[in-house]
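The values are calculated or read from the model by the stated rules, or taken from the named source; none is laboratory data. Just so we're clear, the structure is a prediction, and the values are computed from it rather than from any experiment. Methodologically, a virtual Cβ is constructed for each residue, glycine included, from the backbone with ideal geometry; neighbour enumeration extends over all protein chains shown. All accessible areas refer to the heavy atoms of the entire protein, side chains included, with ligands and DNA or RNA removed. Shrake-Rupley method; radii C 1.70, N 1.55, O 1.52, S 1.80 Å.
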Amino acid sequence: MRILIAEDDEVLADGLSNSMRHSGYAVDCVRDGQAAKLILSGEQPFDLVILDLGLPKLDGFSVLRCLRESNRQVPVIILTARDGEGDRVKGLDLGADDYMIKPFSLPELEARVRALIRRGQCGMNPVYSCGKLTFDSVARRTMIDGIPLELTTRELSVLEALMLRTGWVVSKEQLLERLYSYSEEASNNAIEVYIHRLRKKVEPAGVTIRTIRGLGYVIDNLLQPAN
Ligand code: CA
């Protein structure tokens, strides 16, 4: 899951992004409305946007309007220091999905992020399985035969990308995109290390992660029923 944070308050933006990264999301931060508009009109898909209304260069309302006019349905939570009802109504009317008034509690914001992501997956089963391995995309928890599997947040993100496309090849580039935001140094070697560690951890579930040379990786159930 990839989140964009558009917030010009450096302390708040750092606190938010650290906390989101800790929860296993890939996070990109921008500090003004122009940059937000630019990155949101690019190729990189985001699963959620946290948008401050009072941004330099272009305000949050304008960013939101551009986003919705370009028909992008990504969920948006607006952040506002303004406690005026009018701003909240305007934000929601422009297509925001939720709002938080500053100062807000981080656990509450995280709960709202999870709720929106869950709503975005409405009608889809949030639990993916492969062999005895299950991945709950909302609780972000992996189990083997109902027993929780200990994974680092990066390992979890790699496994998530693979399990959302069980039986299909996921390229190294796709894994890198999920794992790293633009500001972070990413390397193919790091992906190989995570895959190596994951392979050992998911083996007891009868699951294998195969390397498809030149293409990427595919997660498969070794214990397919024979029919
Ligand atoms: Ca601001």
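Rounded to the nearest 500, the 222 nm mean residue ellipticity of the chain from helices alone is -12000 deg cm²/dmol, with -39,500 (n - 2.57) taken per DSSP H run of at least 4 residues.
For Lys200, the solvent-accessible surface computed with a 1.4 Å probe is close to 130 Å², ligands and nucleic acids excluded. Here the Debye sum runs over all C-alpha atoms of region 48-150 as equal scatterers in vacuum, and log10 of I(q)/I(0) at q = 0.24 Å⁻¹ comes out as -1.25.
Measuring r between the beta carbons of Asn189 and Asp93 and using R0 = 45 Å, the FRET efficiency lands at 0.40. Listed by chain and number, the lysines placed with their C-alpha closer than 28 angstrom to that of Lys90 are Lys37, Lys57, Lys102; residues fewer than eight positions away on the same chain are left out.
The alpha-carbon positions of the chain define a convex hull whose volume is 138 Å³ per residue. An oblate overall shape is assigned to region 188-227, the ratio a/c of its alpha-carbon gyration tensor axes (a ≥ b ≥ c) being 1.5 or greater and a/b not exceeding b/c. Here Lys132 is the anchor, and the lysines within straight C-alpha reach of less than 16 Å, apart from those fewer than 8 places off in the same chain, are Lys200, Lys201. What whole-number distance in Å separates the alpha-carbon centres of region 1-46 and region 160-216? One Cα centre to the other: 23 Å.
Per residue, region 23-144 exposes an accessible area of 48 Å² to a 1.4 Å probe, with every protein chain left in place.
Dipole of region 1-139, Cα-centred, from +1 at each Lys and Arg C-beta and -1 at each Asp and Glu C-beta, to the nearest 20 debye?
Numbers: 17 positive and 21 negative charges, 98 e Å.
The dipole magnitude comes to about 480 debye.
With the whole protein complex present, Leu151 retains an accessible surface near 40 Å², based on a 1.4 Å probe.
The heavy atoms of Phe46 offer some 20 square angstrom of accessible surface to a 1.4 angstrom probe.
Expressed as a whole percentage, what fraction of the accessible surface of region 2-120 belongs to carbon and sulfur atoms when a 1.4 Å probe is rolled over the protein heavy atoms?
Values: 2710 of 5560 Å².
Here carbon and sulfur together make up 49 percent of the probe-accessible area.
Given +1 at the Cβ of Lys and Arg, -1 at the Cβ of Asp and Glu and no other charges, the dipole of region 127-221 around its Cα centre is 220 debye to the nearest 20.
Pair-distance distribution P(r) for region 127-221, from all Cα-Cα distances in 10 Å bins starting at 0: 16, 55, 26, 3 percent. Each of Leu151, Leu198, Gln73 was scored by the projection of its Cα onto the charge dipole of the chain, and the greatest displacement toward the positive side belongs to Leu198; charges sit on the C-beta of Lys, Arg, Asp and Glu. In sequence order, region 199-212 has phi-based couplings of 3, 5, 6, 8, 3, x, 8, x, 10, 10, 10, 8, 8, 9 Hz under the Karplus curve 6.51 cos²θ - 1.76 cosθ + 1.60, θ = phi - 60°, and Gly or Pro positions carry x. Taking Cα atoms only, the orientation of helix 10-22 departs from the longest principal axis of the chain by about 20 degrees.
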